[in-house]
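The values are calculated or read from the model by the stated rules, or taken from the named source; none is laboratory data. From a predicted model like this one, the values you see are computed outputs, not experimental measurements. Cβ sites come from the backbone with ideal geometry, for glycine too, and all protein chains shown count toward neighbours. These accessible areas exclude ligands, DNA and RNA; they are computed on the full protein's heavy atoms, side chains included. Shrake-Rupley method; radii C 1.70, N 1.55, O 1.52, S 1.80 Å.
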Amino acid sequence: LVRYVQAHPEVSLELDTSPRHVDLVREGFDLLIRIGPMEDSQLTARSLISIERGLCAAPAYLAAQGRPAGPSELGRHRFVLLQQSLHVPLRLSRGKRQVEHQPAGVLQCNAIGVARALAVSGGGIANLPAGMVRTDVENGLLEPVLPGWRLEALPVSIVTHGRRLMPAKVRAFIALLASETMAWRR
């Protein structure tokens with residue numbers, strides 16, 4: 001974002017990071033970055049990346065509550081949940097085996113950074129992006145929970161009104177995001 005406004009000083013960039021679903025057309029946004037599956041839509045979506053994620057918790061929480069040996073033991077644990085995923089079951093897979101678990105959250109929030117901080121503080125098990133918590137795991141602040149199991153990756157897409165008459169500022173922003181995500185994939 002900083003590189004974009006430095007390269008295009010004549011453009012004003014306004015961010016809305018609320019987790020609510022935005023009506024792109026009615027609310028006058030140029031584009032959205034949508035995390036999660038896309039619903040059927042009249043809008044145009046371009047895939048950017050997929051976010052790998054996993055379950056993790058603070059060592060103190062796991063020492064007090066026990067480390068689950070498998071998905072069937074998740075039901076006796078507290079979760080730190082994002083409000084937008086309250087009613088979305090976790091889909092875990094290991095090889096060809098797939099299991100769903102509906103977590104119960106004692107701590108709920110609407111910001112991923114807050115969820116991370118609550119997990120580090122011992123609030124419970126959290127479903128967090130692997131890249132976000134890599135340093136926390138390396139530093140012993142968080143531990144993977146069920147490391148042999150994988151969660152579905154979350155798709156990240158750019159959503160726009162369509163391809164016709166797209167302003168140059170929007171095309172330039174999309175090009176920058178695409179080049180940045182290509183660098184992340186390497």
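Which of the following residues is hydroxyl-bearing (Ser, Thr, Tyr) and within 28 Å of Thr17 (Cβ to Cβ): Ser47, Ser72?
Matching residue, one of Ser47, Ser72: Ser47.
Within region 78-89, can you find the residues that are part of a strand (DSSP E or B) and in contact with a helix residue (DSSP H, G or I) (Cβ under 8 Å, 6 or more places away or on another chain)? I'd like the intermediate steps shown before the answer.
If we filter region 78-89 for residues that are part of a strand (DSSP E or B), which is where we start, we get 79-82.
Of everything in region 78-89, those that are part of a strand (DSSP E or B) and in contact with a helix residue (DSSP H, G or I) (Cβ under 8 Å, 6 or more places away or on another chain) turn out to be Val80, Leu81, Leu82.
One line per residue, one yes/no per condition, for (1) assigned to a strand (DSSP E or B); (2) over 20 Å from the mean Cα position of the chain (by Cα):
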position	(1), (2)
Ala117	no, no
Leu128	yes, no
Gly162	no, yes
Leu176	no, yes
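Within region 21-41, work out how many residues are free of Cβ contacts under 8 Å to residues at least 12 places away in the same chain and closer than 16 Å to Ile158 by Cα.
6
Is it the case that region 86-109 has a residue that's over 27 Å from Arg134 (Cβ atoms), hydroxyl-bearing (Ser, Thr, Tyr) and touching a residue at least 24 places away in the same chain (Cβ under 8 Å)?
No, because not a single residue in region 86-109 is over 27 Å from Arg134 (Cβ atoms), hydroxyl-bearing (Ser, Thr, Tyr) and touching a residue at least 24 places away in the same chain (Cβ under 8 Å).
What do you reckon, is Ala126 among the aliphatic types (A, V, I, L, M), open to solvent by less than 30 Å² (accessible area, probe 1.4 Å) and touching a residue at least 60 places away in the same chain (Cβ under 8 Å)?
yes
Scan Arg67, Arg78, Arg46 and give me the residue that is in contact (Cβ under 8 Å) with a residue 60 or more places away in the chain and within 30 Å of Ala104 (Cβ to Cβ).
Checking each option against the conditions leaves just Arg67.
Filter region 15-48 for residues that are surrounded by 10 or more Cβ atoms within 10 Å (Cβ to Cβ) and β-branched (Val, Ile, Thr) and give the result.
The answer is Val22, Val25, Ile33, Ile35, Thr44.
So, in region 49-89, exactly how many residues are open to solvent by 60 Å² or more (accessible area, probe 1.4 Å), over 17 Å from His101 (Cβ atoms) and at pLDDT below 90?
3
Which one is most open to solvent (accessible area, probe 1.4 Å), of the residues in region 130-158 that are β-branched (Val, Ile, Thr), closer than 10 Å to Cys56 by Cα and not in a strand (DSSP E or B)?
Initial filter on region 130-158 (β-branched (Val, Ile, Thr)): 133, 135, 137, 145, 156, 158.
Applying the additional criterion that residues be closer than 10 Å to Cys56 by Cα yields 133, 137, 145.
Subsequent filtering for residues that are not in a strand (DSSP E or B) retains 133, 137.
Working: Val133: 11, Val137: 56 Å².
Checked region 130-158; the qualifying residue most open to solvent (accessible area, probe 1.4 Å) is Val137.
Among the residues of region 113-123, write down those that are buried (at least 16 other Cβ atoms within 10 Å of the Cβ) and among the hydrophobic types (A, V, I, L, M, F, W, C).
Residues satisfying the conditions are Ala115, Leu118, Ala119, Val120.
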